[in-house]
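Step one of this worksheet: look at the structure below.
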Amino acid sequence: MKIQAFLAAVATAGGAAMAAEEIGQGYPQRPVRVLVGLAPGGGTDTYARLISQKLTDTLGQQFIVDNRPSAGGNIAGEMTARAAPDGYTLWVATPTSVINPYLWRDLRYDVLKDFAPVVQLVNSQFVLSVNNSVPVA
């Protein structure tokens with residue numbers, strides 16, 4: 001396991017534990033569903049599973065990863081938006097969450113109004129590369 005992934009999981013688990021103490025309601029009192037809009041085995045799924053396991057260990061309640069790949073992550077987003085706003089359904093949003101409103105006419109949720117951000121899990125860089133013969137710099 002990469003050290004960055006481990007540290008992110010520990011920091012997230014610690015932050016959730018402190019938030020649970022501040023709330024004072026013993027959160028969570030039942031399993032928490034963590035929706036991932038991508039297929040199992042990819043980078044987003046791996047981070048979600050690492051962090052969910054740390055949260056389970058730290059808070060003593062299961063955080064269960066539920067993969068719902070399809071429609072560019074929209075199915076998981078819609079499921080989260082329609083869930084009870086009680087903190088027991090979490091969504092691992094990806095950069096497509098910001099792009100999808102411009103790509104899908106019939107998006108059934110508003111990414112700005114229907115969600116409250118909790119924590120940034122990962123910060124990654126994207127690179128566009130082309131063959132040397134392509135006339136761009």
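The values are calculated or read from the model by the stated rules, or taken from the named source; none is laboratory data. Bear in mind that the values here come from a model prediction, so they are computed numbers and not experimental data. In this analysis, Cβ positions are derived from the backbone assuming ideal geometry, glycine residues included, and neighbour counts consider all displayed protein chains. Heads up: the accessible areas ignore ligands, DNA and RNA and are worked out on the full protein's heavy atoms, side chains in. Shrake-Rupley method; radii C 1.70, N 1.55, O 1.52, S 1.80 Å.
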Inset, instruction - Could you check LEU121 against (1) at positive phi; (2) touching a residue at least 60 places away in the same chain (Cβ under 8 Å) and say which number it fails? - result: (1)
Inset, instruction - Check whether at least one residue in segment 22-33 is under 21 Å from ASN123 (Cβ atoms) and not polar (S, T, N, Q), and report yes or no. - result: no
Inset, instruction - Would you confirm whether any residue within segment 52-74 is among the basic types (Lys, Arg), assigned to a loop (DSSP other than H, G, I, E, B) and at pLDDT 90 or above? - result: yes
Legend entry - Residue in segment 27-42 that is at pLDDT 95 or above, assigned to a strand (DSSP E or B) and open to solvent by 50 Å² or more (accessible area, probe 1.4 Å) present: yes
Inset, instruction - Take segment 80-120 and flag every residue that is open to solvent by 70 Å² or more (accessible area, probe 1.4 Å) and either touching a Lys or Arg at 6+ places or on another chain (Cβ under 7 Å) or more than 20 Å from LEU38 (Cα to Cα) (or both). - result: PRO85, ARG105, LEU112, LYS113, ALA116
Legend entry - Leading residue by the ranking (nearest to GLN29 (Cα to Cα)) among those in segment 80-97 that are under 13 Å from the mean Cα position of the chain (by Cα) and assigned to a helix (DSSP H, G or I): THR80
Legend entry - Filtered residues of segment 121-130 (kept if open to solvent by less than 100 Å² (accessible area, probe 1.4 Å) and farther than 18 Å from LEU90 by Cβ): SER124, SER129, VAL130
Inset, instruction - Select, from ALA93, ALA83, the only residue that is of a type in the set (Gly, Ala, Ser) and at pLDDT 95 or above. - result: ALA83
